[in-house]
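Okay, structure first, notes after.
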Amino acid sequence: MTSSTVSSARKWGTLAICSAAALLLGIDNTVLNLAIPDLVKVLHPSSTQILWIADAYSFALGSLLVVMGSLGDRIGRKRLLLVGATGFGLASLLTAYAGNPDLLIAARVLLGVAGATIMPSTASLVRSTFTDAKERTLAMGIAGGVGAAGFALGPVIGGALLDHFWWGSVFLINVPVMLLLLGFGSVLLVESRHPARGRLDMSSVLLSAVGLFGAIYAVQTGAHDGFTQPKVLVAASVGLAALAAFGLRQTRIASPLIDLPLLRDRAFAGSLGANLVTILSVSALSLAFSQYFQDVRGWSPLTAGLALLAGPVGAMIGGPSCAVLIARIGRARTTALGLGLMAVSMVCFSLVGVHTSYALLAPAVVLNGVGMGFIFGVTNDTMMATAPKERAGGAAAIGETAMELGSGLGIAVLGSVLAGSYRSGLHLPAGLSPAAVAAAHQTVGGAMATGAALPAPQGPALVNTAQQAFVHGIHTTTLIGAALLAAGAAVTLFALRGVPAVITDTQDDERNEEVAEIPLPAVG
């Protein structure tokens with residue numbers, strides 16, 4: 001049975017299931033940050049264990065995306081998604097009830113492994129199910145907007161749960177969602193796979209996992225420990241060497257994990273680059289404003305999360321709307337418009353002050369979200385439509401891996417700019433103890449807590465200079481982000497130039513993609 005015969009109910013059911021899975025993964029990516037203070041009080045992890053608790057999920061996820069995307073193309077994307085959803089639900093239970101730091105770290109690794117099976121499966125299932133080009137573009141836009149919303153919903157949902165329950169509750173919310181996904185997914189999802197499935201090359205699997213782990217570990221660890229640390233340099237060297245060997249091997253085997261020629265395709269590479277610049281800027285912006293709202297303004301985590309909620313609302317508007325814009329002005333201009341809107345919002349953020357009214361910030365937050373929705377709606381559809389449909393999982397994995405690396409680079413590069421600008425803007429009052437000076441230089445939160453504990457005039461003076469210095473850091477960081485986004489818009493106009501508004505599946509794609517639909521049970 002060809003994919004063109006998939007019923008309408010299955011098409012939109014597939015989109016709903018895949019969007020819900022992407023939303024949950026986005027939430028899970030950010031929700032832990034709020035729970036760390038509470039779990040530290042209960043589990044008493046060491047400083048090293050805290051870092052692994054925070055990073056183990058992304059290390060495992062990013063390292064295995066390429067492997068899992070290729071595996072889904074071989075064994076079936078529906079099968080891989082349902083297996084991953086089962087694993088994700090079980091790992092969430094283990095995480096929620098972990099009784100010690102080591103068990104929690106292990107559970108987070110399992111969550112990352114399961115997440116790596118889900119991420120590429122969702123995008124490739126939407127790609128294989130929606131064969132009509134216009135419907136596919138709309139579907140990818142909706143999925144992109146919902147996925148982007150998940151990252152900002154994490155702090156809101158996490159804050160609400162932590163106000164009433166223990167730290168493990170932020171992971172228990174995964175369980176009912178995964179149960180629903182398994183129930184509806186087993187009935188509605190249409191299985192699809194590469195019909196000429198080759199053997200999974202285990203050398204490529206090992207090289208890919210080691211290379212990506214080394215790269216992600218180096219970027220994320222370097223961001224908080226420094227890039228000159230021996231462990232960071234060793235990880236980067238091993239990672240780059242393994243990735244180089246992986247790339248060379250892909251050109252020499254009959255059934256590679258990924259199609260390297262895709263990276264030379266102007267439309268695919270341009271879309272990948274636009275996503276990279278976008279997530280790099282957004283991750284740094286999220287880091288800056290979560291600290292701004294909580295530390296500088298003194299808002300609760302829930303209130304800070306609600307303040308950022310305008311962003312995902314904008315993304316959910318921009319994602320589906322991009323299909324209309326593509327038809328009118330084309331893919332290149334729609335993507336450039338999204339990057340331009342985000343650049344304008346960054347310039348607006350560069351004007352923020354210590355006591356700026358949220359009513360003035362909210363429009364910029366919405367504008368940022370709308371721009372992000374435009375970008376992801378176009379670029380994700382372009383990448384999936386450009387890639388051979390039988391290798392949709394591998395193409396989705398490349399995009400998701402770039403997002404993981406972009407997020408880490410955003411924290412590492414722009415986060416370092418933020419921290420450096422903050423420290424250079426600090427003008428500490430005289431007479432502070434060495435411990436107070438160290439705390440003030442470490443983070444704005446440390447400075448605010450130290451200042452609150454000191455008597456006048458030192459305490460208020462320290463609080464004031466910390467607030468002003470951090471706002472100065474936001475100004476510098478957001479202006480650099482605006483410049484990167486503007487440059488990305490200019491490059492995108494060239495990279496996506498000539499890409500048709502409607503990218504149709506070729507006849508070869510239709511013949512080569514194996515899709516199996518099981519009839520829906522009769523109702524009534």
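Of the helices (runs of 4 or more DSSP H) entirely within region 1-97, those holding at least 2 residues that are open to solvent by 20 Å² or more (accessible area, probe 1.4 Å), touching a residue at least 24 places away in the same chain (Cβ under 8 Å) and over 30 Å from residue 207 (Cβ atoms) occupy 8-43.
When region 36-58 is examined, which residues are found to be under 18 Å from residue 162 (Cβ atoms) and either more than 20 Å from the chain's Cα centre (by Cα) or small (Gly, Ala, Ser) (or both)? Matches in region 36-58: 37, 38, 39, 40, 41, 42, 43, 45, 50, 54.
Within region 224-259, if we keep just the residues that are over 18 Å from residue 52 (Cβ atoms) and of a type in the set (Lys, Arg), the residue that is most open to solvent (accessible area, probe 1.4 Å) turns out to be 252.
Between 67, 31, 42, 83, which is under 24 Å from residue 300 (Cβ atoms) and modelled with pLDDT of 80 or more?
On the way: 67 fails: under 24 Å from residue 300 (Cβ atoms); 31 fails: modelled with pLDDT of 80 or more; 83 fails: under 24 Å from residue 300 (Cβ atoms).
Result of the check over 67, 31, 42, 83: 42.
Has region 199-213 got at least one residue that is under 19 Å from the mean Cα position of the chain (by Cα), of a type in the set (Val, Ile, Thr) and in a helix (DSSP H, G or I)? Scanning region 199-213, I find no residue that is under 19 Å from the mean Cα position of the chain (by Cα), of a type in the set (Val, Ile, Thr) and in a helix (DSSP H, G or I), so the answer is no.
Can you tell me which residues in region 331-355 are under 25 Å from residue 499 (Cα atoms) and open to solvent by less than 20 Å² (accessible area, probe 1.4 Å)?
331, 332, 334, 335, 336, 338, 339, 342, 343
When restricted to residues that are surrounded by fewer than 24 Cβ atoms within 10 Å (Cβ to Cβ) and within 24 Å of residue 263 (Cβ to Cβ), region 356-388 contains 2. Residue count for region 290-324 satisfying the condition of being of a type in the set (D, E, K, R) and surrounded by 18 or more Cβ atoms within 10 Å (Cβ to Cβ): 1.
From the list 121, 169, the one residue that fits, being touching a Cys at 6+ places or on another chain (Cβ under 9 Å) and modelled with pLDDT of 80 or more, is 121. Here residue 511 fulfils each of the conditions (1) open to solvent by less than 60 Å² (accessible area, probe 1.4 Å); (2) modelled with pLDDT under 90; (3) in a helix (DSSP H, G or I) apart from (1). Hey, any hits in region 307-314 for a residue that's more than 20 Å from residue 401 (Cβ to Cβ) and among the β-branched types (Val, Ile, Thr)? Taking every residue of region 307-314 in turn, at least one turns out to be more than 20 Å from residue 401 (Cβ to Cβ) and among the β-branched types (Val, Ile, Thr).
Evaluating residue 258 against the criteria (1) touching a residue at least 40 places away in the same chain (Cβ under 8 Å); (2) part of a helix (DSSP H, G or I) leaves one unmet condition, (2). Look at (1) hydroxyl-bearing (Ser, Thr, Tyr); (2) assigned to a helix (DSSP H, G or I); (3) open to solvent by 10 Å² or more (accessible area, probe 1.4 Å) and you find that residue 221 fails only one, number (3). Evaluation of residue 128 against the conditions (1) touching a Phe, Trp or Tyr at 6+ places or on another chain (Cβ under 8 Å); (2) surrounded by 24 or more Cβ atoms within 10 Å (Cβ to Cβ) shows that the sole unmet condition is (1). Please name all residue pairs, on different chains or six or more residues apart, with Cβ atoms under 8 Å, provided the first residue is in region 161-172 and is over 20 Å from residue 26 (Cβ atoms) and the second residue is acidic (Asp, Glu) and modelled with pLDDT under 85. If the second residue must be acidic (Asp, Glu) and modelled with pLDDT under 85, the pairs left are 166/38.
The values are calculated or read from the model by the stated rules, or taken from the named source; none is laboratory data. Computed from a prediction, not measured in an experiment: that's the story for all the values here. Neighbour counts are summed over all protein chains in view; Cβ atoms, including those assigned to glycine, are modelled from backbone coordinates with ideal geometry. The accessibility values were calculated without ligands, DNA or RNA, using every heavy atom of the protein model including side chains. Shrake-Rupley method; radii C 1.70, N 1.55, O 1.52, S 1.80 Å.
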